[in-house]
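In what follows, a single structure is set out as structure tokens and then discussed.
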Amino acid sequence: MHRPHRTGGIDPGGVVPWEPYRGAAGERWVAVVAVLDIALEEGFEGDSVVVEVDGRRVFERDGVRTRMQIGLADTVEVPAGDGGDVDVEVRLPSRPVTGRLRVHVTDRLHVGVSVHGDAVVFRTSPTPFGYV
């Protein structure tokens, strides 16, 4: 976990810019980057999965399997810089399946990814998906 330093700017890990925010509970530090929350949902059957955002590998795992009780296999949270258009690519090297999506991120965007046959299907939402 990156911790903000007291002067704002870039965190010690050099990844996330932070700025002070004064709310009802007093001062706290908040990240000032857009975030892409990617959820691997239905149709994963012990697959190898690679997720890239703007050509940068952000997730790579073998044995990804959907938990049928909740319809979710795995998740990854990706900083998206200042926001804007980003390209998301999901590949299953264990089968010939690839999907691409271009999305516009302004603050936090949730992207659900499912596999139906030999197609990757995306859905997006500004609010979190519910997994029960």
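Values as computed for the structure displayed
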read-out	value
Condition met for GLY81 (part of a loop (DSSP other than H, G, I, E, B), of a type outside the set (Phe, Trp, Tyr), assigned by TED's automatic domain parsing to the domain that holds GLY117 and touching a strand residue (DSSP E or B) at 6+ places or on another chain (Cβ under 7 Å))	no
Residue within region 53-69 that is more than 18 Å from THR124 (Cβ to Cβ) and modelled with pLDDT under 85 present	no
Pair list, Cβ < 6 Å and 6+ apart or interchain, from region 40-65 residues that are under 21 Å from TYR131 (Cα atoms) to residues that are at pLDDT below 95 and not in a strand (DSSP E or B)	GLU41/GLY71; GLU42/GLY71; ASP47/SER94
Neighbours by Cβ (under 8 Å, 6+ apart or cross-chain): first from region 99-110, modelled with pLDDT of 95 or more and surrounded by fewer than 12 Cβ atoms within 10 Å (Cβ to Cβ); second in a strand (DSSP E or B) and not basic (Lys, Arg)	ARG102/ASP85; ARG102/VAL86; ARG102/ASP87; ARG102/VAL88
Some residue of region 62-72 being within 13 Å of the chain's Cα centre (by Cα) and buried (at least 16 other Cβ atoms within 10 Å of the Cβ)	no
Leading residue by the ranking (farthest from VAL33 (Cα to Cα)) among those in region 57-75 that are of a type in the set (Val, Ile, Thr) and out of contact with any Leu (no Cβ under 8 Å at 6 or more places or on another chain)	ILE70
Test: GLU89 is in a strand (DSSP E or B) and modelled with pLDDT of 80 or more	yes
Condition check for GLY84: among the small types (Gly, Ala, Ser) and closer than 17 Å to ALA119 by Cα	no
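The values are calculated or read from the model by the stated rules, or taken from the named source; none is laboratory data. Fair warning: this is a prediction, and the values are worked out from it, not measured in the lab. Note that we place each Cβ from the backbone using ideal geometry, even for glycine, and neighbour counts take in every protein chain shown.
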